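Only the coordinates and a few stated rules stand behind these numbers; no lab work does. Everything quoted here is computed from the prediction, not taken from an experiment. Heads up, the Cβs are rebuilt from the backbone with ideal geometry, glycines too, and the neighbour counts pull from every protein chain shown.
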Amino acid sequence: MSGSKQLTLWQRWVRHPQKIWLRRALFQVHLWSGIALGLYILLMSVTGGVLVYRNELYRAATTEPILSKGSGPRLTDDQLAAAAMHLYPGYQVVKISRAPNLDLAVNIGMRRGNQIKTRAFDPRSGSDLGNTVSTGYLLVSELLDLHDNLLAGRTGREVNGVGALAWLMVAVTGLVIWWPGMKTWRRSLTISRALGWKLFNWRLHSMIGFWTLGFTLVFGLSGVYLVFPDFFQDLADWIEPPTAANAGLRIVDKLIYWLAYLHFGRINGIGIPCAGPGLCDQTTKAIWALFGLAPAAMFVTGAIMWWNRVLHPRLASGRRPGGAIVHGTREAAN
């Protein structure tokens, strides 16, 4: 009796999932959690897609070495320190770094309380030549810190871990509600121009979600690992306890390695699967950057659906006599 009832429920799910209350509940969870996390998802998606090319960005932002144009004798470290403290009163010189080429600018690190400053000085005249790090280089570093730590140190990184868990929940509920039924599931894999814009947006959201699900899960799960690696390592040790015999050979260690490695999408010459920087490396980065932007596209299309389904009807009801609220569109409900 219970088996038959369970089979009937399964048949309903396969054929007409829209009529199952759990699917409707998960739709609401997916909708509102996606909206609540929307700006965070957008931020992580865009910064992550850009930072696939962090090495290229750092190289582009690195300034050319500055050569001294003077002809006099080179200043000693003490003379350079005196010149630096004269230009920056209150600072104490903590480090002087000379390049192998002694005609290159000398980097001098200074501290005043909690403030740290590093400047380039001419080795002969002692004149200030500017920051040792370009503004572009600092911007890339800030972008990296924003993506990794939300500019808030360890606290921001832990928030990122929780955010990655929440994003996984959005992805999993999206997979459940994506299933439209046995007769119509193929139409959720593609889109057609012969649709109204609301239905087009719904189909676009569903299509992007389906084809990018694997990357989305990898990005989310690896994001959690990079914040809470101890949990994953403890789980790996529980699944496959370490012994002298399996040292360096455990499958769980390889899975964890690839989980972290796949988060970044940079081959950089390690030979897997490419044989060094080149076309294969750049192709891999382009794929990762493109799929890294998929969550941003999901947020935009999801926000449009939220507008159509929730906000616009409520705003419209306020302009109608009686204030009746018109519920979401048929295509969004399906």
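Points to keep in mind about this one:
- Phe210 sits among other residues whose Cβ lies under 13 Å from its own Cβ, and their net charge, with Lys and Arg +1 and Asp and Glu -1, is +3.
- Alpha-carbon centroids, region 40-55 and region 208-247: separation in whole Å: 21
- FRET efficiency, Thr8 to Trp211 (Cβ-Cβ, R0 41 Å, nearest 0.05): 0.80
- Approximating the spin labels as points 7 Å out from Cα along Cα→Cβ, the Ala297-to-Val159 distance works out to 2.9 nm.
- Cα-centre dipole for region 77-133 with unit charges at Cβ (Lys and Arg positive, Asp and Glu negative), debye to 20: 240
- For region 125-274, the equivalent ellipsoid built from the Cα gyration tensor has semi-axes of 36, 28, 16 Å, listed from largest to smallest.
- For Lys198, a cut-off of 16 angstrom between C-alpha atoms picks up these aspartates and glutamates, skipping any fewer than 8 places away in its own chain: Glu331.
- Region 300-319 versus region 69-122: alpha-carbon centroid distance in Å: 60
- Shape call, region 82-149: gyration tensor on alpha carbons, a/c limit 1.5: oblate
- Relative contact order of the chain, defined on C-alpha pairs under 8 angstrom at six or more residues apart (%): 21
- Segments 92-98, 203-209 sorted - mean Cβ within 10 Å per residue, highest first: 203-209, 92-98
- Contour excess over end-to-end distance, with Cα ends at Arg59 and Thr118 and 0.36 nm allotted per residue: 19.3 nm
- With a Förster radius of 56 Å applied to the C-beta separation of Val94 and Thr184, the computed FRET efficiency comes to 0.25.
- One decimal place: the segment Leu315-Ala36 gains 98.5 nm when fully extended, by the rule 0.36 nm per residue minus the C-alpha distance.
- In terms of the mean number of neighbouring beta-carbon atoms within 10 Å, the peptides 182-195, 48-61 order highest first as 48-61, 182-195.
- Considering only alpha-carbon pairs that sit under 8 angstrom and 6 or more positions apart, the relative contact order computed for region 1-130 is 17 percent.
- Neighbours of Asn160, meaning other residues whose beta-carbon lies under 12 angstrom from its beta-carbon, give a summed charge of -1 when Lys and Arg score +1 and Asp and Glu score -1.
- Gyration tensor (alpha-carbon) shape descriptor, the chain, a/c threshold 1.5: prolate
- Cα-based shape type of region 126-191, given that a ≥ b ≥ c are square roots of the gyration tensor eigenvalues and the cut on a/c is 1.5: oblate
- Each listed q (0.15, 0.28, 0.29 Å⁻¹) maps to a log10 I(q)/I(0) for region 184-241 from the Debye sum over equal C-alpha point scatterers, namely -0.60, -1.05, -1.08.
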